[in-house]
Amino acid sequence: MANRAVPQRPNGQTPGKICQFKLVLLGESSVGKSSLVLRFVKGQFHEYQESTIGAAFLTQTIHLNDVAVKFEIWDTAGQERYHSLAPMYYRGAQAAIVVYDITNQDTFERAKNWVKELQRQATPGIVIALAGNKLDLNTMRSVQTDESQTYAYENGLLFMETSAKTSANVTEIFKAIAEKLPKNETTNTAGQGRRLVESEGANKSLSSCCK
Amino acid sequence: MTCNCVDAPVPPLFGVQTLFAAQHTSESCGANGLPLTPNSITILGYAQKLRTLNHPNLVSHLDFIRKQHGRIILVSQYFNRSLWTESKNYSLLIPLEKVLSWTHRILSALSYLNDNGLVHRFLTPQYILLDDEDNVKLFNYGIYYMTNSGKNITFPIGKLKYTAPEVLVLDRASNKSGPKTDSWSLGIIILELLLGAQLWPTLKLSQIIRKILSLTHCTDVVMRLAREMGRLTMYQSLPSELKDFLSKCICMDVTKRMCPKELYDHKIFSLYEYSKILTNKCYSCKHPLRQMKLNQVYYLWKLAGGDVEWALKKKGLLRNESSILLIPRLIILEGTLYGNARNQSCLLDLQIIELSLDLLVNRLQHLKITDYDPLIDQIKDCDDTIDKLPLVIREKDTEYQFHRIVLFDRLLSSYPFKLDKLLIEAKKDIPPYFRGEIWACLLNVCSDTENTYLSIDKETAGVTDRQIEVDIPRCHQYNDLLSSSVAHKKLKRVLKAWLVSHPEYVYWQGLDSLCAPFVYLNFCKEHVAYACLTAFVKKYLNDVFLRDNSAVIREYLIKLFHLIAFHDPQLANHLDDKGFIPDLFAIPWFLTMFSHVFPMHKIFHLWDKLLLGDSSYPLFVGLSILSQLRSTLLNSGFNECILLFSDLPEVDIEKCVLESSKFNDVTPRSITFRKYELRTETREHDPCLIYEVLQKEFSPRISVYDLQELKRSSQKFLVVDAREQGCYIEKCIPGSLNIPIKEEDFEDENFDLAPSPELSALVNNRGSVLIVVDNLHQINKVRKFCRFLVKKEYPKVCSLHGGIEALQTFNILGPAILF
């Protein structure tokens, strides 16, 4: 379970440093974006996870040494048609997880496109992780680990193969992202104010992004 | 002529049986990575087709219930007499004419099954039932079909001695039985009846198999069987046509054996006059329940507390083992179980249990005969006490539902006549029993949809197939029926049909959720599901499925926000302050008309009301959901607000429905006017605005027509005229309030109205519809004034579309009478 590795709310512990980060999940539909988030945030898994329409928002905090890292996660709709909404969610994000399904080559190609788009249009310095999900279906694999590994290395991405079903590498990938994120300037309690400004920016951008 | 009498006894009408679906050996996945659909669900999906079959010589199927561990319970019409009981009770031979008349009826039923793509495959004298009037009624004809030709079960279907030889030798997984297997079984059954003896009554299974297979070597199979029964002479004395008929049934060579349809036309049936013999009319008194449709009686029986499982338990067919006894000794990592003892009640026992109707009869005993057969126009309103009960209770009340079913049965059968009455009754509530049909009426679905649907190409691969295929297996899958493979196919076909017939639109994720309730309610009438979806989208979601739908969706969202500002300024201010705009949470609401947000049973109640409203009704539903969450929202920041919607808390749908209809009643129509909704006409002064304009405004606009309407109605309203006093005195709307104000005034953040008689009037009219008016070119000032009033938490603020100029043609302006 995700909770095992990550103590969520340490009772009585005075919070040292709190960092907040906006993280967005992107990828083709039914690769398991919502399932990854659900596993990470609630430790749950639903075989028949419903499709996401528009986007969903969840938060989860993990602890790295004495720093509490709070992820504000935007889980987006996968269908290509909802693409026009995506910039609203990745704008201002400090991290992104691009997900594909290891049993489906097409979803990997789509993931590459997402990476390109992020590198071109998202916040400079955004931490991008590539997640090959559905590791539990290893026997049906069609995207080889080497291939993705090489691609991730060449593009400077974090890479892990995950399974929302068995929870393999789910917490790990979020943790790896948290470790890579800069925790000096965006730190502490001022995060709340900063984030709100960002969200307002995101709202206003809606008018320009999906004409 | 039979008479009806409420005191007459009602014999059991239904029989129940239970069987088990084959279990998948381990927890393996299908090609899409999802767990394999349990066979019991697959069976449930196939079984639905049986409900649609209707033939005088077939019993009707009433219910299929899926239980734990792959158990399926079948409920169907039942009679306790059969050819089996008859042949045992008759000391003499059954007259030839009678046998022939039964045979002819059986063949008619078998041909009907064949026409519908079914074979019986389970013909035995026990499963050929006889009703009160000696009509034959075939029973258990659906088991072979619903188990996908026996693939989803572990037991063989059929009674061995009546089973055609090819069934025994061919591999049952790869060979489907054809209609001619039934001809064989029928031949053996008739032979036994005609000769008055049993074939191989004492042989063991293995011996019977050997006997059947040994028939291969014999030239005249029928004669050989007659000899085995010890009735050779009797057989030889049979008319030659009859012998010919039997030889066409009991024929080893399948190519020479006749199928039921050919047998039906056999000359033997033209030789005998048997039509008169059959009728064994029953002249005794009958309970009026027996005039009702069996499905209705069964539905009411369940409401009255009828419990199929309990009936099975009583007969020992369903036993609950304590769970500790069901634990296996060993589970290997792949999921295969070892060492769990087989539950004895899991073994096949197709015993039929009759269901007593006493419970229902007692429940309805004080009803009069006229209650069963009322005149529509004289139906009195049910007493108020029941009307006031919550919907969920009314839906469970046997007597109330009885009246509703009787009433709607009439109204639906006379549709589209009596549509007005249907609407009035549907406003009270929609009985679940008829929901599918009533919805179709409310959506004006006409009867000729079947041909339209048939003519649409639903098979050719399309660009969105992949998307549809990944969406369907996660669409309302908690519902047994919708998770079956048959349902998946139906949903896909209906979606594809809709896409093909609407080339201007495309598949957006969410369309699947929208389609699901219609497919569920019209499971065996895909064309109706398709027609309902088409009409529904046209009415509520016009142009929402365009390739570029952003304009339509955004209009929906901004209109929702205007509506919030109109009815709940405090909430609107809060949401605006936090930047929590409907774009962040309401897209799935409108795109799927809440069908992606709520489970099926809630969608039913929501749409029951939605379908009675016009195309702006969805906005009121949205508003009423927000008002239920109001106090939480008001105390939450941006993050908490959005988290609330990512995991929507329990929404009380009945309350939501009531609230939304109240909001609807007190909102002038033009407030929710949408440019993209489908309407018959747009009048000159209707507020038909583009998004860029809507976006600049916080409050909605009202049309001149609605202003006139307000004058005529009893609703309280106040026109606030913001022009200079001079203009106002010269010409104004009678009864309006003049608050002269300049646009620059609003530049000061702390601006407030100075105490004045006008301000007091405004304060005193808090709660009335406040209509801000100015000259057309002062639009920015009007916007700011409206925003100011909303900030001051005045509800029902709106501006007059078209300004004061719009009123000129209406000739209602006059000189002002000052305070």
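The values are calculated or read from the model by the stated rules, or taken from the named source; none is laboratory data. Bear in mind the structure is a predicted one, so any value in this text is a computation, not a measurement. Note: ideal-geometry Cβ built from the backbone for every residue, glycine included; neighbour counts use all protein chains shown. Side chains included, ligands, DNA and RNA excluded: accessible areas come from the protein's heavy atoms. Shrake-Rupley method; radii C 1.70, N 1.55, O 1.52, S 1.80 Å.
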Of B:319-326, B:42-49, ordering from highest average Cβ density within 10 Å down gives B:42-49, B:319-326
What whole-number value in Å² describes the accessible area per residue of segment A:17-180 for a 1.4 Å probe?
35
Averaged per residue, what accessible area in Å² does chain B show with a 1.4 Å probe, protein chains only?
45
Pseudo-spin-label distance A:N113 to A:S84, built 7 Å along Cα→Cβ, given in nm, is 1.6
What residues have an amide H closer than 5 Å to that of A:L26, excluding those fewer than 5 places away on the same chain, when H is modeled at 1.01 Å from N in the peptide plane?
A:I97, A:V98, A:V99
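Kindly sort B:E459, B:E469, B:E241 by accessible area of their heavy atoms, largest first, with the probe set to 1.4 Å.
Final ranking, largest accessible area leading: B:E459, B:E469, B:E241.
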Descending semi-axes in whole angstrom, ellipsoid equivalent of segment B:468-587, from the Cα gyration tensor
32, 16, 13
List the residues, sorted by chain then number, that are 5 or more residues from A:S142 or on another chain and whose placed amide H is less than 5 Å from its amide H.
A:T103, A:N104
For the pair B:C524 and B:C285, the simple spin-label estimate (label points 7 Å beyond Cα toward Cβ) gives in nm 3.4
For A:71-80, what's the mean count of beta carbons from other chains sitting within 10 Å of each residue's beta carbon?
3
Could you work out the percent of alpha carbon pairs in segment B:133-205 separated by over 15 Å, rounded to a whole number?
63
In segment A:143-184, which residues have a backbone nitrogen under 20 Å from the label point lying 7 Å from A:Q105's Cα in the Cα-to-Cβ direction?
A:143-152
For the protein assembly as shown, I need the span (max minus min coordinate) of the C-alpha atoms along each principal axis, in Å, sorted largest to smallest.
118, 76, 52
Percent RCO, i.e. relative contact order, over segment B:600-749, from Cα pairs under 8 Å lying at least 6 residues apart
18
Rank-order B:749-761, A:166-178, A:20-32 by packing density, defined as the average count of other C-beta atoms within 10 Å over each peptide's residues, highest first.
A:20-32, A:166-178, B:749-761
Report the extension gain between B:T460 and B:N362 in nm, rounded to one decimal, defined as 0.36 nm multiplied by the number of residues separating them, less their alpha carbon distance.
29.8 nm
Rounded to the nearest 10 Å², the accessible area of B:R683 using a 1.4 Å probe with every protein chain kept is 110
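Summarise the partner chain shielding of A:43-54 as one whole number: the mean count of Cβ atoms from other chains within 10 Å of each residue's Cβ. Mind dumping the intermediate values first?
Details: counts 0, 0, 0, 3, 7, 9, 2, 12, 12, 5, 11, 12.
Per residue, the average neighbour count from other chains is 6.
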Which three extents, in whole angstrom, do the alpha-carbon atoms of segment B:133-262 cover along their principal axes, largest first?
45, 39, 30
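Quick check: net charge around A:L118, other residues with Cβ under 12 Å of its Cβ, Lys/Arg +1 and Asp/Glu -1?
Computed value for this residue: +3.
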Just give the residues from segment B:582-620 buried by at least 40 square angstrom of accessible area in the all-chains context relative to the isolated chain, probe 1.4 Å, and say none if nothing qualifies.
B:D583, B:L584, B:I587, B:H596
Ranking B:H24, B:H527 from most to least accessible area with a 1.4 Å probe gives B:H24, B:H527
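With a 1.4 Å probe and every protein chain kept in, tell me what percent of the accessible surface of segment B:139-252 is carbon plus sulfur. Walk me through the numbers before you get to the answer.
Numbers: 2680 of 4840 Å².
Carbon and sulfur: 55 percent of the exposed surface of segment B:139-252.
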For A:V127, what residues show an amide H to amide H distance below 5 Å, using hydrogens built from the backbone and excluding near sequence neighbours?
A:A95, A:A96
Rg (one decimal) and Dmax (whole number) from the Cα set of segment B:721-816, in Å, equal 12.8, 39
Value of Rg to Rh for segment B:447-529 (Rh from inverse mean 1/r over Cα pairs, i.e. Kirkwood)
0.93
Sites B:V693 and B:D397 - FRET efficiency at Förster radius 45 Å, r taken between beta-carbons, to 0.05
0.35
For A:K183, list the lysines whose Cα falls under 28 Å from its own Cα; do not include residues on the same chain fewer than 8 positions away.
A:K17, A:K22, A:K33, A:K42, A:K70, A:K112, A:K116, A:K175, A:K204, B:K578
Share antiparallel - DSSP beta bridges, the protein assembly as shown, percent rounded to 5
50
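Quick one: which of B:K137/B:K525; B:K496/B:K525; B:K49/B:K492; B:K559/B:K662; B:K458/B:K490; B:K286/B:K315 span more than 20 angstrom between C-alpha atoms?
Details: B:K137/B:K525 25 Å; B:K496/B:K525 16 Å; B:K49/B:K492 17 Å; B:K559/B:K662 18 Å; B:K458/B:K490 10 Å; B:K286/B:K315 29 Å.
Violating the 20 Å Cα-Cα cut-off are B:K137/B:K525; B:K286/B:K315.
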How much of the calculated P(r) for segment A:17-180 lies past 19 Å, in percent of all Cα pairs?
50
If you roll a 1.4 angstrom probe over the protein chains with everything in place, what fraction of the accessible area of segment A:17-180 belongs to carbon and sulfur, to the nearest %?
48
In segment B:401-445, which chymotrypsin sites (Phe, Trp or Tyr not before Pro) are in a loop and have at most 11 other Cβ atoms within 10 Å, using DSSP for the loop call?
B:F417
Could you tell me how many degrees, from 0 to 90 and to the nearest 10, lie between the Cα long axis of helix B:180-195 and the main elongation axis, the longest principal axis, of the Cα atoms of chain B?
50
What does the charge count near B:Y728 come to, summing +1 for each Lys or Arg and -1 for each Asp or Glu among other residues with Cβ under 13 Å from its Cβ?
-3
Estimated [θ] at 222 nm from DSSP helical runs (n ≥ 4, -39500 (n - 2.57)) normalised by residues in chain B, nearest 500
-12500 deg cm²/dmol
Under 12 Å, Cβ to Cβ, from B:R783 - net charge with Lys/Arg +1 and Asp/Glu -1
+2
Rounded to the nearest 100 Å², the accessible area hidden between A and B, summed over both chains at a 1.4 Å probe radius, is 3500
Per residue of B:507-514, other chain Cβ atoms within 10 Å number on average 4
Only residues of segment B:770-789 count here: report those whose backbone N is under 20 Å from the spot 7 Å along Cα→Cβ of B:Q725, or say none.
B:773-775
Sulfur and carbon atoms: percent of accessible area, segment B:736-819 [1.4 Å]:
51
Taking Cα centroids, how far is segment B:759-819 from segment A:55-98 in Å?
44
What nm value, rounded to one decimal, do you get for the distance between B:L232 and B:S760 when each label is placed 7 Å out toward the C-beta?
12.2
Report the residues of segment B:148-165 in range of a label on B:N116: point 7 Å along Cα→C-beta, backbone N strictly under 20 Å from it.
B:148-151, B:158
Taking only protein heavy atoms and a 1.4 Å probe, the highest-to-lowest accessible-area order of B:S185, B:S413 is B:S413, B:S185
What's the percent breakdown of Cα-Cα distances in chain B across 10 Å bins, shortest bin first?
2, 11, 17, 19, 17, 13, 8, 6, 4, 2, 1, 0, 0
Under 16 Å from the Cα of B:K742 - lysines, other chains or at least 8 residues apart:
B:K781, B:K784
Which of the pairs B:K302/B:K421; B:K428/B:K655; B:K261/B:K293; B:K388/B:K655 have their Cα atoms more than 18 Å apart in this structure?
B:K302/B:K421; B:K261/B:K293
